[in-house]
Amino acid sequence: MKVLYFAWMREKVGHGKDTFDSVPDGVSTVGDLIAYLAGLQGGYAAAFADQSVVRAAVNQTYVELSHPVADGDEVAFFPPVTGG
Amino acid sequence: MEDFDPGDEIEALSAEDTSIGGIASFVGTVRGTDDGETVAAMTLEHYPGMTEKALEHIVTEAEGRWPLKGVTVIHRYGRLEPGERIVLVVTASAHRQAAFDACAFLMDWLKTKAPFWKLEEKPSGAEWVDARDSDDAAAARWAGKDGENGTT
């Protein structure tokens, strides 16, 4: 499973990508993954501190926190978008 | 990403299709000030892969809502300075109203659904631009059948 971070979430985490051989124990949804990541050492807690400004995508499609995650997924976390 | 020429893009979209009767376009550019502060430059970050998919999805949605003869959407990324072009939307239809409305719709959805993020360089430091409630409101006026995303 690949996990990508963009914009200020990438800056707070300190890098843009994590790779996991498999989904971490106890994680079955995007929300579970956020809880797992927020508990890691480093900048993760700061990046996920305000979940109201965290958007999630699985395999490049927007999803809700209840969406499941699987070993081969590309999961991404980023702030609300500001293009245009 | 390199610049585009709006005139060339409009020409390319409408060439050889005489059923087109109206073409609308929007060009977004980098503002040199924000909240009274000078903006030296803006860096646009995107999500390679998802950004392209999101733009295709938005264009498909517009084509489903209006009788369009052609659509062009170009969105640059990387570091851009004040006055530089960021985004181009061109819509062509048999009549003007569909072209106008589809152009506005594409910009409103692009601003709230396409994965781009702006980092401004200001005297006080680099600052990520916050999403605006007014952009969400603008996108919401086209409320309809898109229920699958979480970008509210």
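General remarks:
- Matching residues in region A:64-80 - criterion: being surrounded by fewer than 19 Cβ atoms within 10 Å (Cβ to Cβ), within 11 Å of A:GLY31 (Cα to Cα) and of a type in the set (A, V, I, L, M): A:LEU65
- Count of region B:10-55 residues which are in contact with a Phe, Trp or Tyr (Cβ under 7 Å, 6 or more places away or on another chain) and part of a strand (DSSP E or B): 4
- Of the strands (runs of 3 or more DSSP E) lying entirely inside region A:16-84, the ones with 3 or more residues being more than 23 Å from B:ALA139 (Cβ to Cβ) and more than 10 Å from every other protein chain (Cβ to nearest Cβ) are found at A:17-19.
- The residue list B:GLY83, B:GLY49 contains one member that is without any contact (Cβ under 8 Å) to a residue 24 or more places away in the chain, of a type in the set (Gly, Ala, Ser) and out of contact with any helix residue (DSSP H, G or I) (no Cβ under 8 Å at 6 or more places or on another chain), which is B:GLY49.
- Elements of type strands (runs of 3 or more DSSP E) contained in region B:77-152, each with 2 or more residues being modelled with pLDDT of 95 or more and of a type in the set (Asp, Glu): B:116-122
- Selection of region A:11-27 for residues being surrounded by 12 or more Cβ atoms within 10 Å (Cβ to Cβ) and among the small types (Gly, Ala, Ser) yields A:GLY14, A:GLY16.
- Taking each residue of region B:13-33 that is without any contact (Cβ under 8 Å) to a residue 24 or more places away in the chain and looking for partners that are crowded, with 16+ Cβ neighbours inside 10 Å with beta-carbon atoms closer than 7 Å, six or more apart or interchain, yields B:THR33/B:VAL39.
The values are calculated or read from the model by the stated rules, or taken from the named source; none is laboratory data. Given the structure is predicted, the values throughout are model-derived calculations rather than measurements. Note that each Cβ is placed from the backbone with ideal geometry, even for glycine, and that neighbours are counted across all protein chains shown.
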